[in-house]
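Undergrad: What follows is a single structure, and I will ask about it in a moment.
The values are calculated or read from the model by the stated rules, or taken from the named source; none is laboratory data. Keep in mind that this is a model prediction, so the values were computed, not measured. Cβ coordinates were reconstructed from backbone atoms using ideal geometry, including for glycine residues, and neighbour counts include every protein chain displayed.
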Amino acid sequence: MGKVLRVFDFDDTLAKSVSYIYVKHKDGTESKLDPAQYAKYDEKPGDEYDFRDFNRMLNKPQIIKKNFKLLQQMLTSGDKKVTILTARKLAFPIRYWFKKELGINVYVVGLGNNDPKAKSDWIEKHIQKGYTDIAFMDDSIKNVKAVGNLQKKYPDVRIKSVLAVEHLSQDDTRELLENYISDQVESYL
């Protein structure tokens, strides 16, 4: 049996916090997006992102119970490497919150990069280190697709890339699934 890797995103996958992404548009106006809005935001030419809320201690974090419970189950199994992989630049605030508030030591990697390729590249490096059973959970369909696409390149590696939807309203979930299905149909035409 190969090495096992379990990877969780943090924001809007394991917990929600009061944090925003600020988008400065080409025309000089600025928009404020929460992580759920950002996950489905279509970048416009000239957009510049400001992640200042993500470069400080967590603001009023609330766990997403179902996903958090899954993380806890993974952490109790000693035969798996469990990682929280975040686009945040700083991993410390997440590690600190888990330790201080929840009494849990977790391994957190802060990529400092919101490009879906950054997460798939990180996972690909672990495939190259011999990991053959990988599960990834994220609230961003773009990240889930990027990691899922590794399956084509590594057909002998078990890769399960899962979209976290527990934090979404029923309408948001329906819209996300409709868009995903539409994208899949278009990719086959």
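Undergrad: I'm trying to understand the selection: among the residues of region 139-151, which are at pLDDT 95 or above and outside any helix (DSSP H, G or I)?
TA: 149
Undergrad: Of all residues in region 107-141, which are touching a Ser or Thr at 6+ places or on another chain (Cβ under 8 Å) and farther than 18 Å from residue 2 by Cβ?
TA: 107, 108, 109, 110, 111, 116, 137, 138, 139 - these are the residues of region 107-141 that are touching a Ser or Thr at 6+ places or on another chain (Cβ under 8 Å) and farther than 18 Å from residue 2 by Cβ.
Undergrad: Within region 120-142, track down each residue that is among the polar types (S, T, N, Q) and under 15 Å from residue 83 (Cα atoms).
TA: Here is the first cut: in region 120-142, the residues among the polar types (S, T, N, Q) are 120, 128, 132, 140.
Correct list: 120 only.
Undergrad: Is it the case that some residue within region 86-95 is of a type in the set (Phe, Trp, Tyr) and without any contact (Cβ under 8 Å) to a residue 60 or more places away in the chain? Quick ask: steps written out before the conclusion?
TA: We begin by selecting, within region 86-95, every residue of a type in the set (Phe, Trp, Tyr); these are 92.
Those still in the list that are without any contact (Cβ under 8 Å) to a residue 60 or more places away in the chain too: 92.
Yes, region 86-95 has at least one match.
Undergrad: To continue, here is another question. Sort out which residues of region 1-11 are in a strand (DSSP E or B), in contact with a Leu (Cβ under 9 Å, 6 or more places away or on another chain) and closer than 21 Å to residue 93 by Cβ, and write them in order of number.
TA: Answer for region 1-11, where residues must be in a strand (DSSP E or B), in contact with a Leu (Cβ under 9 Å, 6 or more places away or on another chain) and closer than 21 Å to residue 93 by Cβ: 7, 8.
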